[in-house]
1. With Rg and the Kirkwood Rh both taken from Cα atoms, where does Rg over Rh land for segment 167-214?
2. What do you get for Rg/Rh of segment 32-74 when both radii come from the Cα atoms and Rh is the Kirkwood radius?
3. Could you run the Karplus curve 6.51 cos²θ - 1.76 cosθ + 1.60 with θ = phi - 60° over segment 182-198 and give me ³J(HN,Hα) per residue in whole Hz, x for Gly and Pro?
4. Out of segment 27-83, which trypsin sites (Lys or Arg not before Pro) are coil in DSSP terms and have no more than 11 other C-beta atoms within 10 Å?
5. Would you mind telling me the share, in percent, of accessible area of segment 114-228 contributed by carbon and sulfur at probe 1.4 angstrom?
6. Let's see if you can work this out: charge +1 on each Lys and Arg Cβ, -1 on each Asp and Glu Cβ, no other charges. What is the dipole magnitude of segment 210-377 about its Cα centre, in debye to the nearest 20?
7. In segment 33-203, with Lys and Arg counted as +1 and Asp and Glu as -1 at Cβ, which of these residues, 157, 123, 48, has the Cα nearest the positive end of the dipole, that is, farthest along it?
8. Round to the nearest 10 and report in Å² the accessible area of residue 333, as given by a 1.4 Å probe over the protein chains' heavy atoms.
Amino acid sequence: VQTKKEETLPPSHSQNIPTFYFPRGCPKEKVNIDAVIAKIEKTFSEFPNERATLEDMGKVAKACECPLYWKGPLFYCAGGERTGYVSVHKFVAMWRKVLQTCYDDAAKFVHLLMNPGCNYLVQEDFIPFLQDVVNSHPGLSFLKEASEFHSRYITTVIQRIFYTVNRSWSGKITCNELRKSNFLQNVALLEEEADINQLTEYFSYEHFYVIYCKFWELDTDHDLYIDRKDLARHNDYAISNRMIERIFSGAVTRGRKAQKDGKISYADFVWFLISEEDKKTPTSIEYWFRCMDLDGDGALSMYELEYFYEEQCQKLDNMAIEPLPFEDCLCQMLDLVKPQHEGKITLHDLKRCKLTNVFFDTFFNIEKYLDHEQKDQFSMLRDAEGESQEVSDWEKYAAEEYDILVAEEAASDQWNDGYEAELNPVDHQKASVLKYQMEKRPFFEMPSHLADVDVDEYDYDEDFE
């Protein structure tokens, strides 16, 4: 057999393939860096010795054409925390480098906050930025003298940022994730919105107050960790024990030390509560899917569904309610989700489903399951399709709970009106610090016993590793 001789290919002409990957943002038309620098130098010339303190950085941020609340990151990135001020030369050198290497807001913000040598943000990177927001935002001025609450508020906001922005669940926010989120738009809104509670996605103090009060009720020894028994008491034992076991298994929590001790941190509770009260967001669907996927194969089998449904049946029996046989329940759920592959439900199936909350509640939340059972499924579906989700389930829950807490505080104040002398004067003083006027809300005060928590007991490093 004659072997076919391989034909030698002619040398290929080199082609100039245009750059298509821009991890630090797509370079825009030529930015006049010198004009920006001149504007910054002019701003610095107004300060004594051409040095800017943190209080001056608002003007510098505007000269850099950045939102006002970038002032803290700009100050710290230029080394301001070491001396208490930033010189014009040091700041100009820093910002010139940023303009030359970062071409959009996401890349600039990551550069300002990240540790040297990294190209992502971890939770601790947000602390100085958020501390500056707490110290200087008019909507948080009532917190100035209550520093014991600063770390709790900051922890809550950080968890909400990672919950929404860190879609990879890696504990590291990349430029791309930040770019795809609405976080930087919310940072820009901090400047325009004096009422922090209007910024419901990340910064709302009301939302923090609701989450922290819910946690405080469960954390009986107030060490900022809760165990299985504590979490089981949430919402009057509504969550099944099998689901609580899965939460504590590490499927959706971080921090090996806490898991070893059989506890979860306040940071983990933030994720739990938001996921529990709004089961329609991508993160919450992933949260509960991870918990229900016992073998981690990326699909919910009929065995896994039956495993969780068994406990629901026991609870219904105890309440003298006849449970639906598993086979019938399964038919209902398959009709609801309409999985693409027979015999298993994938994460993609649940994300396509309009009533994922009904699916999840059926398997591990007895209270909400009974609520759904009393409603017509068609009307629920119509509501889900009709509402444009202007107000999320989480926002509705937080608003309702906040109103209840305010009403309880008002009733408590009325009851104690004639007994002020019996209050511990120190506790009363601490509590009164947190009284503030909301535009559409009555006065309320933080329960005085919250002030007894020692902030130093809480270590950020253990939240995410």
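The values are calculated or read from the model by the stated rules, or taken from the named source; none is laboratory data. Source: prediction; values computed, not measured. Virtual Cβ from ideal backbone geometry, glycine too; neighbours counted across all protein chains shown. Heavy atoms of the whole protein, side chains included, go into the accessibility calculation; ligands, DNA and RNA do not. Shrake-Rupley method; radii C 1.70, N 1.55, O 1.52, S 1.80 Å.
1. On the way: Rg = 12.9 Å, Rh = 12.3 Å.
For segment 167-214, the value is 1.05.
2. On the way: Rg = 9.9 Å, Rh = 10.3 Å.
Rg/Rh: 0.95.
3. 9, 5, 5, 5, 5, 5, 5, 5, 4, 6, 8, 9, 6, 8, 4, 6, 6
4. Numbers: sites: 28, 30, 39, 42, 51, 59, 62, 71, 82; in loops: 28, 30.
Sparse-neighbourhood loop trypsin sites (Lys or Arg not before Pro): 28, 30.
5. On the way: 1990 of 4030 Å².
Ligands and nucleic acids excluded, carbon and sulfur give 49 percent.
6. On the way: 22 positive and 33 negative charges, 148 e Å.
Rounded to the nearest 20 debye, it is 700 debye.
7. Farthest towards the positive end: 123.
8. Surface open to solvent at residue 333 totals about 10 Å².
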